[in-house]
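The values are calculated or read from the model by the stated rules, or taken from the named source; none is laboratory data. Computed from a predicted model, the values in this text were never measured in an experiment. Here Cβ is always computed from backbone atoms with ideal geometry, including for glycine, and neighbour counts include all displayed protein chains. To get the accessible areas, we keep the full protein, side chains included, count just its heavy atoms, and leave off ligands, DNA and RNA. Shrake-Rupley method; radii C 1.70, N 1.55, O 1.52, S 1.80 Å.
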2 protein chains.
Amino acid sequence: MRIEAVEAFYLSMPKVEDIGDGSQDMLLYRVSAGDYRGWGESEAAPLVSIAALVCPMSHSACRPVLDSVLGETIESPDDIPRIVRQVRAKSLDVLQAPHALSGIEIALWDLLGKARQQPVYELLGYKRAEPKVAYASALFGDEPQATLQKAKKLRSEGFRAAKFGWGPYGRTTAEADAQQVQAAREGLGQEADLLVDAGTVWVNDIEAATLRLPALEEARVLWLEEPFVSEEVDSYMELSKRCRGVLRLAGGEGAHNPHMAYHLIQQGGIGYVQIDAGRIGGISEASRVVERAHASGVQYVNHTFTSQLALSASLQPFAGAETDWLCEYPVEATPLARNVTRTAIAVDATGKVRAPEGAGLGLELNLDAVRQYLLDVEIEVGGRVLYRTPELVP
Amino acid sequence: MRIEAVEAFYLSMPKVEDIGDGSQDMLLYRVSAGDYRGWGESEAAPLVSIAALVCPMSHSACRPVLDSVLGETIESPDDIPRIVRQVRAKSLDVLQAPHALSGIEIALWDLLGKARQQPVYELLGYKRAEPKVAYASALFGDEPQATLQKAKKLRSEGFRAAKFGWGPYGRTTAEADAQQVQAAREGLGQEADLLVDAGTVWVNDIEAATLRLPALEEARVLWLEEPFVSEEVDSYMELSKRCRGVLRLAGGEGAHNPHMAYHLIQQGGIGYVQIDAGRIGGISEASRVVERAHASGVQYVNHTFTSQLALSASLQPFAGAETDWLCEYPVEATPLARNVTRTAIAVDATGKVRAPEGAGLGLELNLDAVRQYLLDVEIEVGGRVLYRTPELVP
């Protein structure tokens with residue numbers, strides 16, 4: 001099959017708030033080849049990524065992403081990493097390229113799975129999708145009381161694990177943060193797995209992060225996520241040595257190539273590597289990190305804060321890996337992210353999820369919702385329209 | 001002073017060729033504060049970077065770059081790294097942000113230097129600009145004979161050092177590459193310093209690169225530049241151990257933050273770190289790499305393949321460092337890159353250059369040339385025009 005079309009859709013909530021909620025807008029792709037269509041989502045700034053798709057060539061290693069995708073053949077799983085390598089080489093100097101590419105790569109897997117009537121994880125070599133404990137991914141409340149109520153609600157909804165992050169955490173005192181963590185533990189109950197996400201708030205300040213460790217250890221938090229920005233691997237390593245009990249560091253969501261994740265695994269001392277297939281360059285790139293994590297005794301976890309489509313994509317690379325037992329499950333996504341698929345990956349009675357058994361990513365798009373949130377975009381350079389929002393039903 | 005305007009201009013040659021010449025287009029900035037204006041250039045895909053400037057906010061850590069710049073105060077050199085940190089935090093998830101930022105940061109230094117009537121290197125703490133050997137940066141000819149002629153011409157023009165790269169190098173056999181290197185050495189003469197740029201052609205293939213080492217060592221090449229893509233630090237380290245004689249590895253131009261450069265220095269075993277101020281986030285970010293390089297016994301070199309404005313910007317961070325004696329000097333730039341300034345940094349009779357003594361970056365823009373190559377760009381999202389090419393003379 002020949003890749004005949006790659007269409008990018010910029011969806012957005014009517015109003016985007018200045019909060020750490022990445023589900024307020026969406027870059028959605030539809031890829032067409034032969035009789036099939038695949039869908040994928042990039043976890044990326046939509047307008048900037050669209051520009052990376054269609055920008056005029058600057059030189060031989062600074063070309064638009066679409067140049068390396070349109071017209072390529074896709075017959076087998078091996079064709080997808082080949083296309084990824086081509087994008088990375090020909091768009092080497094387009095910094096945004098991996099973010100722009102990720103959703104296309106995912107859509108190619110969805111398309112190939114539909115063509116072969118197989119779920120993506122089978123194309124990746126897994127025999128079945130293993131059940132994983134779904135951890136509800138939520139933002140801290142503005143006050144501990146609000147966090148307590150959120151945690152209680154998640155517990156009542158059947159979640160056996162939860163993560164709280166962003167909001168006020170790390171922004172005032174260690175005491176205030178301790179109260180937030182205690183509230184989360186209290187609301188969730190003593191049995192549940194609790195995780196905390198600092199959202200890079202300390203940038204590279206090891207001492208500021210260290211002040212928060214005792215409260216995290218006391219609440220038996222499994223991981224402290226992203227105390228620092230991804231590049232600060234030396235800071236990660238130092239803080240990892242200071243963690244006691246079950247507490248480990250987690251990071252990796254910022255990785256836009258497998259090497260950044262390897263670097264955190266090898267030099268950062270993290271215990272959990274969190275990969276967003278919608279950022280790292282897609283499912284094949286994420287799969288390379290799964291292998292490296294296993295070889296290093298590090299647990300692989302998906303990073304997903306948006307739609308069920310993104311959740312399915314990020315589950316595929318480790319769907320059949322028994323040792324990786326946790327799965328980030330978005331629970332506070334916007335109506336946009338919730339409604340963009342008609343079907344969802346359900347949390348079962350034991351609080352677990354698994355990758356869908358349907359062909360490709362195994363989910364059905366909701367074109368009505370896509371239409372409702374679709375933004376009109378037009379990019380014109382030198383009198384030529386390089387991009388205009390495509391028709392949803394051509 | 002308050003930053004009142006940041007204007008981005010997308011310049012381009014009428015026709016952009018599919019070759020490794022990064023001077024075929026340009027992202028130029030004009031920043032205004034108080035009574036002053038500064039100019040800067042990003043070495044980046046212009047359209048994608050413009051989108052990063054003006055994109056709608058996706059969430060609190062995925063905001064347009066301009067949000068962190070417009071309205072900020074600039075009184076002293078410390079204000080510039082503060083603005084850089086703010087961009088990195090608030091545009092954390094806009095992958096293109098460092099590329100978009102770089103030219104703005106450079107323009108801020110130019111502006112501050114003009115306000116204080118000091119060259120940028122003085123603002124950075126250097127007492128004077130040291131002379132550096134200008135190495136002519138050229139592409140290999142398609143055939144060794146063409147490379148020989150190019151090298152002879154550079155020698156006759158007074159260059160005491162030259163680098164050849166890209167073109168056919170690394171794309172066929174080690175024998176063909178050896179002939180190219182021999183031709184360069186022959187044309188340049190036995191006394192000159194010779195450098196070779198592989199332009200990431202082997203991606204991560206250590207054995208392919210190793211096959212080229214004997215010819216490089218025989219021709220007394222000082223460095224082999226970018227045998228691999230920047231992330232492949234382990235491959236860099238392995239190849240660095242195989243270099244004999246004066247040959248060292250060079251890399252770092254792909255760094256879009258100082259950590260990527262640190263990583264190459266510490267884990268990649270390079271002997272020369274090449275930084276483009278127009279990519280790494282600007283002059284202040286490049287200065288951080290200078291410090292780290294000196295602490296590690298690695299030589300710092302600018303990466304510049306475009307305009308004299310870019311050359312001045314990339315010279316500033318190591319202008320006063322005596323141990324860093326080489327300077328990349330573009331000689332094959334397009335008319336666009338050559339004409340965008342009225343003044344240039346001259347190569348003296350001993351083949352050396354130094355950072356200009358004038359205020360700021362010390363160069364005068366040529367607005368006629370800017371106008372000649374300026375592209376009209378318009379970006380519209382949801383019925384709102386987010387960017388339209390600004391008036392050159394408002």
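Here the contact order of segment B:193-318, divided by its residue count and restricted to Cα pairs under 8 Å and six or more residues apart, works out to 19 percent. Contact order for chain B, expressed relative to its length and based on alpha carbon pairs under 8 Å spaced 6+ residues apart, stands at 19 percent.
DSSP bridge analysis restricted to the protein assembly as shown gives an antiparallel fraction near 50%, rounded to the nearest 5.
Sorted from shortest to longest, the distances between the A:Asp205 label points of this copy and the other copies are 4.8 nm, with each point 7 Å from Cα along the line through the beta carbon. Determine the shape class of the protein assembly as shown: with a ≥ b ≥ c the square roots of the Cα gyration tensor eigenvalues, call it rounded for a/c under 1.5, and otherwise prolate if a/b is greater than b/c, oblate otherwise. Judged from the Cα gyration tensor, the protein assembly as shown comes out prolate (a/c at least 1.5, a/b above b/c). The angle between the Cα long axis of helix A:144-156 and the longest principal axis of the Cα atoms of chain A comes to about 70 degrees, rounded to the nearest 10. Normalised by the number of residues in segment A:291-394, the mean separation of alpha-carbon contacts (under 8 Å, six or more apart) gives a relative contact order of 22 percent.
For the pair B:Thr173 and B:Glu218, a Förster radius of 22 Å applied to the C-beta separation gives a FRET efficiency near 0.85, rounded to the nearest 0.05.
Using only protein heavy atoms and a 1.4 angstrom probe, determine the accessible area buried between A and B, summed over both sides, in Å² to the nearest 100.
4200 Å²
Scalar couplings 3J(HN,Hα) for segment B:70-84, obtained by applying the Karplus form with A = 6.51, B = -1.76, C = 1.60 to θ = phi - 60°, are 4, x, 6, 8, 9, 10, 9, x, 5, 5, 6, x, 5, 5, 4 Hz; x denotes Gly and Pro. Take A:Leu392, move 7 Å from Cα toward the beta carbon, and the resulting point lies 4.3 nm from the same point in each other copy, nearest first.
Overall shape: prolate for segment A:334-388, with the ratio a/c of the largest to smallest alpha carbon gyration tensor axis at 1.5 or above and a/b above b/c.
Percent of accessible area on segment B:209-350 owned by carbon and sulfur, 1.4 Å probe? Solvent-exposed carbon and sulfur of segment B:209-350 make up 50 percent of the total.
Residues A:Glu322, A:Glu17, ordered by accessible area of protein heavy atoms at a 1.4 angstrom probe radius and largest first, appear as A:Glu322, A:Glu17.
Peptide A:23-36 shows a mean partner chain C-beta count of 1 within 10 Å per residue C-beta. Counted by Cβ distance under 12 Å from A:Ala344, the other residues give a net charge of +1, where Lys and Arg count +1 and Asp and Glu count -1.
Sorting A:Glu357, B:Glu253, A:Glu231 by accessible area puts them as A:Glu357, A:Glu231, B:Glu253; the probe is 1.4 Å, largest comes first, and only protein heavy atoms count.
Taken residue by residue and averaged, Cβ atoms of other chains lying within 10 Å of the Cβ of A:123-134 number 0.
Summarising the amide proton neighbourhood of B:Leu365: residues at separation of 5 or more, or on other chains, whose placed amide H is nearer than 5 Å comprise B:Arg342. Taking amide H positions as modeled 1.01 Å from N, with prolines and chain starts lacking one, the residues under 5 Å from B:Trp223 and 5 or more places away or on another chain are B:Val196, B:Arg248.
Heavy-atom accessible area with a 1.4 Å probe sorts B:Thr343, A:Thr323, largest first, into A:Thr323, B:Thr343. Shape of chain B from the C-alpha gyration tensor: prolate (a/c of 1.5 or more and a/b above b/c, with a ≥ b ≥ c the square roots of its eigenvalues). Each other residue within a Cβ distance under 10 Å of A:Leu363 adds +1 if Lys or Arg and -1 if Asp or Glu, for a net charge of -1.
Copy-to-copy label distances for A:Arg85, where each label lies 7 Å from Cα along Cα-to-Cβ, are 4.3 nm in order of increasing length.
Using the rule -39500 (n - 2.57) for each DSSP H run of four or more residues, divided by the residues of the protein assembly as shown, the 222 nm mean residue ellipticity is -10000 deg cm²/dmol. Of B:Ala310, B:Ala89, B:Ala250, the residue with the greatest mean-square motion in the GNM of chain B, using alpha carbon springs below 10 Å, is B:Ala89.
Inter-chain Cβ neighbour count for A:380-387, averaged per residue, equals 5 (cutoff 10 Å, partner chain atoms only). A Gaussian network model of chain A, with springs between Cα atoms under 10 Å, assigns the largest mean-square fluctuation among A:Ser314, A:Ser60, A:Ser32 to A:Ser60. Within the shell defined by Cβ-Cβ distances under 11 Å, the residues around A:Pro168 carry a net charge of -2, with Lys and Arg each +1 and Asp and Glu each -1.
With respect to the cross-link table entries A:Lys90/B:Lys15; A:Lys90/B:Lys132; B:Lys132/B:Lys153; B:Lys153/B:Lys241, which display a Cα-Cα separation exceeding 24 Å? Beyond 24 Å: A:Lys90/B:Lys132; B:Lys153/B:Lys241.
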